[in-house]
Each structure stands twice: as C-alpha cells, then as structure tokens.
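Enquirer: Below is the structure I would like to discuss, written out as structure tokens.
Please treat every number below as a calculation from the coordinates, not as lab data. In this text the structure is predicted, and so the values were computed from the model without any measurement. Here the Cβ is made from the backbone with ideal geometry for all residues, glycine too, and neighbour counts use every protein chain on show.
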Amino acid sequence: MMKDIPLNDEVIEILNEALWFLKDERYKAVPLQCSRFATVADAERFTSVDFFQEIRQKGGNHNGFPDTIVGHSFNTSNLRFDPRGSEIVAEEVGTKLADFFQKLMATLNLKKNALFSVYPAEVGYISWHNNANASAYNFIFTYSETGEGWWKHYDPIKDQIVTIPDVKGWQCKAGYFGAYQDGYDKIVYHTARNHGKGLRMTVAFVLDRSDMSQGLQNWVIDDIRAD
C-alpha cells in the first residue's frame, strides 16, 4: 500500500520550482482535460464509493487508466497548449518544465515522469483506477495551496478505503502499483480530489517492477524523509 512520507527541506526546495506553473495562472496555458466533467457533481460521482465498486467489479477488464482526469496536464509526452494566446508562454513553460524534471530526477535518481497535473479548485480530480497496466514502484509528490483535498486508496487486506488528507504545501506518497498477475492484494485502486478553493498539483514518477527498483525506492525514501 501507499506510504505517506514527510519531506525534508532540501527536496521541498527543489519541488518549489514547480510552483512557477501556478503563479499568475500560467497553468492555464494548457487546456483543462475532461472539461465537460468539471463540475462538483461529477467530482463527487467519479471519486465516490459507488464508482469505486463499478471499477472494482470489472476485475481484469478494467484497463488501469482513469476514466476521467479534470486537470491541466503537463506530461511531456502529450503536452498541448491552448491556442488562445498561449504562444506567449508556451516556450517558457517548456523550458521550465524540462529544467524542473532534470533537476528533480537527477537529484533523486528518478527515471520516468508519469503524471504532472494541476487540479483546479473544487472540481479537480482523478477518478478511481488502479494503474495495473503500468505496474511499477512509484513516488507521488502533491502540493496543495489550502490542504483541503485528499488521496484515497483501497486496502484489500483490511477491506477498507484509506484516506490520506492533503496538507498545506508538499507531501509525498510512495508504494507499488501491482499488475493483475501479481494477485489481488497487490492491486492499488486509488483516486484523488481537490476539495478546496486553492489549487492542487501532483507530480508523479515511476521506476519499474524489479527488485532493484524496490531497493532504489527505499534508498530514495531515506534520502527525502524529514528527520
């Protein structure tokens, strides 16, 4: 399951470079994904226990991807800019993004960015899913302006949904997203929601499924953990 890792000041200093994307609404240079589902009602629905049960009942027929992400996505593989005036900041956004990833990945020996999304106030969320299609050891860094959002995952051992509340500022979760062949107890169904009036940002990285990556994850956790 996912561990909640308190972060030391050195890592927070690097992560704070990502706050540039929030300043002066620069994140709006990238269109809002799934904007048609950007309502409080939709956020409630796609992060609800009922929707979790829908996804869970699909078993291996669920492809692992979230059905809905209401956020501004800065994934470099599919980075798109709003055509309405964003050319003014597009080049700067690309440069800042590359510099931020390079510094964070080099410092922590991380290899692949899986998610970089800014969730708008009140309606930003990612729906229940399990990443069984992209099984790996992972790190999920989250920034909240107000600390009013949350992360939830299902613990199959205890048969209960676990909530990790956001804190104001940065926090980190680390764990392993299992594949279907790993067994049911390794599948991590999860969702996240921005409940507050401020912004919420998530920057996630994956390693791979190997024992070496498990060892690397433990090393990184020791390196980033606050004393």
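Enquirer: Given Cβ point charges of +1 (Lys, Arg) and -1 (Asp, Glu) and nothing else, what value in debye, to the nearest 20, does the dipole of the chain about its Cα centre take?
Expert: Charge dipole, the chain, about its Cα centre: 460 debye, nearest 20.
Enquirer: Please compare each pair in Lys152/Lys186; Lys111/Lys186; Lys112/Lys173; Lys28/Lys197 to a cut-off of 20 Å on the Cα-Cα distance and tell me which ones are over it.
Expert: Lys111/Lys186
Enquirer: Tell me the Kirkwood radius of the chain: reciprocal of the mean inverse pair distance over distinct alpha-carbon atoms, in Å.
Expert: 17.9 Å
Enquirer: In addition: For the chain, what does the helix formula give at 222 nm: sum of -39500 (n - 2.57) over DSSP H segments with n ≥ 4, over the residue count, nearest 500 deg cm²/dmol?
Expert: My calculation for the chain gives -8000 deg cm²/dmol from helical runs alone.
Enquirer: For the residues Phe65, Phe101, Phe52, Phe177, what sequence is obtained by ranking on other C-beta atoms within 10 Å, fewest first?
Expert: Going from least to most buried by this count: Phe65, Phe101, Phe52, Phe177.
Enquirer: If a helix is a whole DSSP H run, which ones in the chain reach 18 Å or further along their own axis (Cα) and hold a mean Kyte-Doolittle hydropathy of at least -0.5? Let's see the in-between values first.
Expert: Working: long enough: 87-108 (32 Å, 0.46); 211-224 (20 Å, -0.30).
Those that pass (Cα extent of 18 Å or more, hydropathy at least -0.5) are 87-108, 211-224.
Enquirer: Then there is this: Got a sec to turn the phi values of the range 29-37 into Karplus ³J(HN,Hα) couplings, 6.51 cos²θ - 1.76 cosθ + 1.60 with θ = phi - 60°, whole Hz, x for Gly and Pro?
Expert: Whole-Hz 3J(HN,Hα) from phi for the range 29-37: 5, 9, x, 6, 5, 6, 4, 5, 9.
Enquirer: Further, regarding this structure: Pull up the cross-link candidates among the aspartates and glutamates for Lys96, meaning alpha carbon to alpha carbon under 12 Å and not fewer than 8 places away within one chain.
Expert: Glu17
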